[in-house]
Amino acid sequence: MTTGYERSVSAPEHEPRPETVWHLQMPQIRCGRDAVEELAFQLADLGIDASDDPHGLVVTDETLVEIGHVDRVTAHLEDAGYDVTVWDGAEREPSIENVDGCIEFVRENEGEAGYDFYVGFGGGSCIDVAKATRAVIANGGQVLDYIAEPTGNGEALTDSGPPLVLLPTTAGTGAEISPVAILSVEEKEIKEGISSNHVRADAALLDPTFTTTLPPDVTGKTAMDALGHAIEGYTTHPFDGLLRASDPESRPVYAGRTELTEMFSEKAIELLSSNVRTAVHNGDDLEAREAMLRGALFGAIAGLTAGASLCHAMAYPVGNRYHTYHGETIAVLTPASTLGYNAASDPERFAEVAEMLGADTDGVGTRAAADLARSEYVRLQQDLNVIPSGLAELADVDEEDVDWLANQTVETQQRLLRCNPRPVTTEDATDIFRDALHNWE
Ligand SMILES: [Fe+2]
């Protein structure tokens, strides 16, 4: 005779269960004005002793060399006894070929083993080239070996390599703490990422004195990316509403929101929305710049752990086809996607976002308060005066392009859509893209 007890113990062990565990992994973080003066200390703390004559590589771009910022970094390292070489070939929205160029430079100068340490200095592009270069040098082969199939060979990274320290010069992408390097595949007009905790840096130094030279348009656009991470992170699925990972190794990098990510989202939305006007219109204001850098960091800790969602999913096909900046693409898509379509999924939560953005929700019903998040966000963009009014102005996107963009989003971006708080069909995506053509007249 079979008892109920026996039946229960023979239940299959792989039966899907809700997730119960969350995980936070971060580089060491130093943040504040003149943090660059602690770079040598940081390297020593990571085991790179200047008396051993280590060779290091600074990965950056030509503009940062021209305006003298790179000299500040190398002078500090050389004064502390570190030997450093500068590679300034990083390009905007870097391609695989761009990273291959850096890897070739490393192998020509230092052989297969590469440098003893790496410093990535610049916007998200410089930082992603530095992350991908160290990863490939440490694991051997070429970039394509570690890009997912069918574009690449889909091999797993097994080694993090020597220390990598990242110094961002924009307040936006969060690349300095993220486990991903995003690269464009030119012949296919797509972007692919190398995504692994082995890609993540050992330390991030955030120094606002490098950000005061950013022009107003780059300041505004990168800020909208940071705000997108914070809001998408705050409104994505809770981690325990997703399926449990079969083992810790296979837990996705974007794993849903937790109490911890919510705290970071709230502070990030507040810091970014209350300081971005000053940072754009009065770039020398170091206090506003510092607040933006902290806001972007907190937004990244939240959004790049909990997971970006629909808006980022829609942004990749747009960026691939029209070669638009990531930040401005996020900016024009956020009203219709995150703050439009998604608001119906949880009006109370979006009403909270409206308040964090500075909207007055007193005496307003929950659903109407949720809609205030969108209008407050659009008002902020209009005040900045550097953000296009929609996809039509951004890249001449018209009604005929909308179907293709919607198809691409649903077909290629399930990694991001799986956490979206509201399911998205191709028809839904078509409507959202159409809505994003004009955010204001
Ligand atoms: Fe982003």
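Computed values, structure above
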read-out: Residue satisfying condition, being outside any helix (DSSP H, G or I) and within 16 Å of the ligand (Cβ to nearest atom), within set THR212, THR151, THR173; value: THR173
read-out: Residue identified as assigned by TED's automatic domain parsing to the domain that holds TYR234 and in contact with a Cys (Cβ under 7 Å, 6 or more places away or on another chain) among LEU417, LEU333; value: LEU333
read-out: Evaluation of ASP71 against (1) over 17 Å from THR170 (Cβ atoms); (2) touching a residue at least 40 places away in the same chain (Cβ under 8 Å) (one fails), failing number; value: (2)
read-out: Filter result for THR158 (of a type in the set (S, T, N, Q), in the same structural domain as ALA40 (by TED's automatic domain parsing), assigned to a loop (DSSP other than H, G, I, E, B) and under 23 Å from THR74 (Cβ atoms)); value: no
read-out: Filtered residues of the stretch 254-267 (kept if within 18 Å of VAL21 (Cβ to Cβ) and touching a residue at least 12 places away in the same chain (Cβ under 8 Å)); value: TYR254, ALA255, GLY256, ARG257, THR258, LEU260, THR261, GLU262
read-out: Some residue of the stretch 292-299 being touching a residue at least 24 places away in the same chain (Cβ under 8 Å) and within 12 Å of the ligand (Cβ to nearest atom); value: yes
read-out: So ARG349, is it surrounded by fewer than 21 Cβ atoms within 10 Å (Cβ to Cβ) and either part of a helix (DSSP H, G or I) or not polar (S, T, N, Q) (or both); value: yes
read-out: Subset tally (residues that are without any contact (Cβ under 8 Å) to a residue 40 or more places away in the chain and loosely packed, with under 11 Cβ neighbours inside 10 Å) for the stretch 235-253; value: 3
read-out: Scan of the stretch 240-294 for residues that are part of a loop (DSSP other than H, G, I, E, B), small (Gly, Ala, Ser) and at pLDDT 95 or above, ordered by number; value: GLY283
read-out: Restricting the stretch 178-198 to residues that are among the β-branched types (Val, Ile, Thr) and buried (at least 22 other Cβ atoms within 10 Å of the Cβ), the residue that is farthest from the ligand (Cβ to nearest atom); value: ILE194
read-out: Residue that is nearest to ALA429 (Cα to Cα) [pool: residues in the stretch 314-332 that are within 11 Å of the ligand (Cβ to nearest atom) and touching a residue at least 24 places away in the same chain (Cβ under 8 Å)]; value: TYR316
read-out: Residue in the stretch 156-169 that is of a type in the set (Val, Ile, Thr), within 16 Å of the ligand (Cβ to nearest atom) and under 30 Å from VAL276 (Cβ atoms) present; value: no
read-out: Any helices (runs of 4 or more DSSP H) falling wholly within the stretch 14-86 and containing at least 1 residues that are surrounded by 14 or more Cβ atoms within 10 Å (Cβ to Cβ) and touching a Cys at 6+ places or on another chain (Cβ under 9 Å); value: 62-66
read-out: The one condition in (1) at pLDDT below 95; (2) on the phi < 0 side of the Ramachandran plot that GLU93 fails to fulfil; value: (2)
read-out: Residue, surrounded by the most Cβ atoms within 10 Å (Cβ to Cβ), within the stretch 300-339, restricted to residues that are assigned to a loop (DSSP other than H, G, I, E, B) and in contact with a Phe, Trp or Tyr (Cβ under 8 Å, 6 or more places away or on another chain); value: THR334
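The values are calculated or read from the model by the stated rules, or taken from the named source; none is laboratory data. All of these numbers come straight from a predicted model, not from anything done at the bench. Reconstructed Cβ throughout: ideal geometry from the backbone, glycine too, with neighbour counts over all protein chains shown.
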